[in-house]
1. Working only within the range 325-353, note down all residues that are away from ligand 2 (no atom under 16 Å from the Cβ), part of a helix (DSSP H, G or I) and not β-branched (Val, Ile, Thr).
2. Taking the range 122-158, which residues are more than 16 Å from residue 191 (Cβ to Cβ) and in a helix (DSSP H, G or I)?
3. Any residue at all in the range 182-203 that is more than 14 Å from ligand 1 (Cβ to nearest atom), within 23 Å of residue 61 (Cα to Cα), in contact with a Phe, Trp or Tyr (Cβ under 9 Å, 6 or more places away or on another chain) and not hydroxyl-bearing (Ser, Thr, Tyr)?
4. Can you name the condition, by its number, that residue 359 falls short on among (1) more than 19 Å from residue 112 (Cα to Cα); (2) touching a residue at least 12 places away in the same chain (Cβ under 8 Å); (3) surrounded by fewer than 21 Cβ atoms within 10 Å (Cβ to Cβ)?
5. Select from the range 175-203 the residues that are within 16 Å of residue 254 (Cα to Cα) and either among the charged types (D, E, K, R) or assigned to a loop (DSSP other than H, G, I, E, B) (or both) and list them in ascending order.
6. Just to verify a result, which residue in the range 58-76, among those that are within 10 Å of residue 293 (Cβ to Cβ) and of a type outside the set (A, V, I, L, M, F, W, C), is surrounded by the fewest Cβ atoms within 10 Å (Cβ to Cβ)?
7. For the range 51-76, give me each residue that is among the small types (Gly, Ala, Ser) and away from ligand 2 (no atom under 12 Å from the Cβ).
8. Restricted to the range 77-134, and to residues that are on the phi > 0 side of the Ramachandran plot and over 18 Å from the mean Cα position of the chain (by Cα), which residue is farthest from ligand 1 (Cβ to nearest atom)?
Amino acid sequence: MLHAFISKISVVNYLNFSTHSPLKAAPSSLGQNYNIKGKMSSEPVNVNDFKELARNALPKMYYDYYAGGAEDEHTLRENIQAFHRITIRPRVLVDVSQIDMSITILGYPISAPILVAPTAAHKLAIREGELATARAAAAAKTIMILSYSSTCSMEEVASSCNAVRFFQLHISKRRDISALLVQRAERFGYKAIVLTADTPRLGRREADIRNKMIGFPVKNLEGLMSIDVKSDHGSKLEAYYNEMLDASIRWEDIGWLRSITNLPILIKGILTHEDATKAVEGGVDGIIVSNHGARQLDFAPATVSVLEEVVHAVKGKVPVLLDGGVRRGTDVFKALALGAQAVLIGRPVLFGLAAKGEGGVRTVLEMLKNELEISMSLSGCPCIKDITRSHVRTPDHKLPSML
Ligand SMILES: Cc1cc2nc3c(=O)[nH]c(=O)nc-3n(C[C@H](O)[C@H](O)[C@H](O)COP(=O)(O)O)c2cc1C
Ligand SMILES: CC(C)CC(=O)C(=O)O
């Protein structure tokens, strides 16, 4: 009866767009969110929607650089699909009238366990580049990890907002220049060094090779280093970085890094318990489980599939973070349940920036936070510490014996 009544009302209103019905304004205001002929709206309702908007906003070469992965992009797909294979085990009748997503990372309080991953070249997305991203991260009360390969300098970013920032480092063949960057980061208030360990050379990103991807100015290296890339073939970026990166770095070099800075050191790019153990023994202050957004070694495992292995090896001695394929609040929830303290977001931030500038990045972070809040409410977890291993079921999960 009620159903029939509602149906009748909607048909009448649908037919009476141009009449003086009290609901007359509805079709035009709703029309901003959906198209009655069935086309998708241009207003994103989730983080994935930003990908298409970014594709439309960017030159193909830049979009492909942001979106692409290595070789067959098997790991790129797996980073997402591995999250889909994990289900959530919700608990009911828990008081979830107040949800608290706040945490601290290395002692710094943030509003939710979602950080901005280091990604290069934000000026390919918009003119303001990393300054816009940094302001959005500050507005979301989270930490941005500034890339070594940023297109705004670390000084410019430092003076654009007073939020907590970390600096991501590559060790280049010019060790003196890497040391100088660390000292500059320290002087300009960056609170940690994130050493990327999975990039002794660049992975084969075939879209970049086909597009003959250009090099972009690495602002932090201005006046310090210029590498003349002679190659006219393939990705100039690949040629540039292979010339610059020190492929001989080893575990012993963590000691060198420790000797030149008092900042905490996080190591990014750990995928096995063997390396997690070495990292802890080497005295790092945190581990980021990452396959570099599937841009380095194709057929490296999806990050969420190896998270527990790393967490078990680390035994709570240092925080473990994860990135790769996090696109939903439920993904954040799953990573936390498997032992991560927080996650980092890469491409969605770039897509938000390309589609809608600083506001786009802000929206991406807000969407993920809102989704995490809902996931926590519907799973019976009012605080982050309430999210436990027993809140997820992984594909290798064995049913406890009933005998
Ligand atoms: C366009 C792009 C540029 C990146 N640049 C860097 C970088 O400069 N340094 C670094 O350590 N990681 C870099 N990454 C990897 C990210 O830090 C992160 O590991 C990855 O993007 C996470 O996966 P997601 O994009 O699926 O969220 C980059 C990733 C992308 C997509
Ligand atoms: C310029 C690159 C080294 C930045 C990077 O890490 C990436 O493109 O994945």
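The values are calculated or read from the model by the stated rules, or taken from the named source; none is laboratory data. Bear in mind that the values here come from a model prediction, so they are computed numbers and not experimental data. Glycine also receives a Cβ, built like all others from the backbone with ideal geometry; neighbour counts cover every protein chain displayed.
1. Restricting attention to the range 325-353, the residues satisfying the condition of being away from ligand 2 (no atom under 16 Å from the Cβ) are 326-343, 352.
Now drop any that are not part of a helix (DSSP H, G or I), which leaves 329-337, 352.
Those that are away from ligand 2 (no atom under 16 Å from the Cβ), part of a helix (DSSP H, G or I) and not β-branched (Val, Ile, Thr): 329, 331, 333, 334, 335, 336, 337, 352.
2. 122, 123, 124, 130, 131, 132, 133, 135, 136, 139, 156
3. no
4. Condition (1) is where residue 359 drops out.
5. 175, 176, 192, 197, 198, 199, 200
6. Only one residue tops the list, namely 68.
7. Keep residues of the range 51-76 that are among the small types (Gly, Ala, Ser), which gives 54, 57, 67-70.
Within the range 51-76, 54, 57 qualify.
8. Restricting attention to the range 77-134, the residues satisfying the condition of being on the phi > 0 side of the Ramachandran plot are 93, 106-107, 121, 129.
Then keep just the ones that are over 18 Å from the mean Cα position of the chain (by Cα); that gives 93, 106-107.
On the way: 93: 35, 106: 18, 107: 22 Å.
Filtering the range 77-134 for residues that are on the phi > 0 side of the Ramachandran plot and over 18 Å from the mean Cα position of the chain (by Cα), the one farthest from ligand 1 (Cβ to nearest atom) comes out as 93.
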